[in-house]
Amino acid sequence: MAKGKVNASSKTDSECPPSYQEATAGYEEMQAQFYWDDKAVRQIFIRKVYAILMTQLFVTVGIVALFTFCAPVRFFIQTHPGLYMLSYMTFFATYIALSCCGDLRRQFPWNLILLVLFTLSMACMMGFVSSFYNTKSVLLCLGITALVCLSVTIFSFQTKIDFTSCQGVLFVLCVVMLLCAITLSIVVPFGYVPWLHAIYAVMGAILFTLFLAFDTQLLIGNKRYTMSPEEYIFATLNIYLDIVYLFSFLLQIMGGGRE
């Protein structure tokens, strides 16, 4: 009888449901492993984006320097405006392809080929524009752009402010910029208005500084909205455009015409 009671008691103990700690031990371990795996993937994604971005910026600065400092190249570019239109058409076509065709920008090697064409066309456009400004203005704007980009990047990595949740503010600023551009296009044929153009350039510089913070935090992935690690081409494209447009608006604000 005692033996039967012992067996019954051990059977009852073995059929007891597990505790909460026992039931969730495997889940917590799996969740921690997933967190570290995701963090490692995100770090690889960030390194890949900035490696491509630095290559783009070096190419762009090299072309801008060539068009600005080399007198024969500058003269050739300024006397052949059709090359600017060709660069603009290439830029527009590659931008549409990379922005709208998700499968294409994730398909190797076509995504890199389009990105190279996009970078070269944008760099040539910036070089053409910079050739009409004096050398000191171009160097000053390059330095300010580099300083602003470095400061905004460090701030975006460290701050608790979530720029990814500010799409409404960015949309309103984009609408204001569009209205200013339309106003300028109407006013300019009747006469150049320096203060109106200055306001437009200042607003553009502020807007693309905010866009740089927005796109950087999308890249980091620790805020409300994030970007998929598969979209490294699209992430690079956005940050590169923010930097280039910031440079162009600073050039309009502080640039002096070449004599």
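Going by what's in this entry, would Cys70 be described as closer than 18 Å to Ser248 by Cα and of a type outside the set (Lys, Arg)?
No: the conditions fail for Cys70.
Please go through segment 66-91 and give me each residue that is in contact (Cβ under 8 Å) with a residue 60 or more places away in the chain and either under 14 Å from Met125 (Cβ atoms) or in a loop (DSSP other than H, G, I, E, B) (or both), ordered by number.
Scanning segment 66-91 gives Leu66, Phe67, Thr68.
Kindly indicate the residue of segment 206-231 that is charged (D, E, K, R) and under 19 Å from Ser99 (Cβ atoms) and also surrounded by the most Cβ atoms within 10 Å (Cβ to Cβ) among those meeting that condition.
The selected residue is Asp215.
In the set Leu212, Leu196, which member is farther than 30 Å from His80 by Cβ, of a type outside the set (D, E, K, R) and touching a helix residue (DSSP H, G or I) at 6+ places or on another chain (Cβ under 6 Å)?
Details: Leu196 fails: touching a helix residue (DSSP H, G or I) at 6+ places or on another chain (Cβ under 6 Å).
When all the criteria are applied, what remains is Leu212.
If I filter segment 181-188 for residues that are in contact with a strand residue (DSSP E or B) (Cβ under 9 Å, 6 or more places away or on another chain) and at negative phi, do I get at least one hit?
No, segment 181-188 contains no residue that is in contact with a strand residue (DSSP E or B) (Cβ under 9 Å, 6 or more places away or on another chain) and at negative phi.
So for segment 189-201 (the condition being modelled with pLDDT under 90 and closer than 22 Å to Leu53 by Cβ), does at least one residue qualify?
no
Just checking, how many residues over segment 103-126 are over 17 Å from Tyr245 (Cα atoms), free of Cβ contacts under 8 Å to residues at least 60 places away in the same chain and not hydrophobic (A, V, I, L, M, F, W, C)?
3
Give me a count of the residues in segment 130-152 that are under 29 Å from Gln217 (Cβ atoms) and either crowded, with 17+ Cβ neighbours inside 10 Å or touching a Lys or Arg at 6+ places or on another chain (Cβ under 8 Å) (or both).
Selection size over segment 130-152: 8.
Quick one: in segment 91-115, which of the residues that are farther than 12 Å from Thr236 by Cβ, surrounded by fewer than 16 Cβ atoms within 10 Å (Cβ to Cβ) and of a type in the set (A, V, I, L, M) is modelled with the lowest pLDDT?
Ranking the candidates gives Leu104 first.
Give Ser131, Ser137, Ser151 a once-over and let me know the one that is touching a helix residue (DSSP H, G or I) at 6+ places or on another chain (Cβ under 7 Å) and either more than 24 Å from Thr90 (Cβ to Cβ) or without any contact (Cβ under 8 Å) to a residue 12 or more places away in the chain (or both).
Matching residue, one of Ser131, Ser137, Ser151: Ser137.
Return yes or no: is Thr145 within 19 Å of Phe249 (Cβ to Cβ), of a type in the set (S, T, N, Q) and part of a helix (DSSP H, G or I)?
So Thr145 fits the description; yes.
Looking at segment 233-249, is at least one residue over 20 Å from Met54 (Cβ atoms) and crowded, with 20+ Cβ neighbours inside 10 Å?
Yes, there is a match, as at least one residue in segment 233-249 is over 20 Å from Met54 (Cβ atoms) and crowded, with 20+ Cβ neighbours inside 10 Å.
Looking only at segment 221-259, how many residues end up being modelled with pLDDT of 85 or more, more than 21 Å from Phe128 (Cα to Cα) and β-branched (Val, Ile, Thr)?
3
The values are calculated or read from the model by the stated rules, or taken from the named source; none is laboratory data. If you're wondering where the values come from, they're calculated on a predicted model, not measured in any experiment. Every residue, glycine as well, gets a Cβ built from its backbone with ideal geometry; the counts of neighbours run over all protein chains shown.
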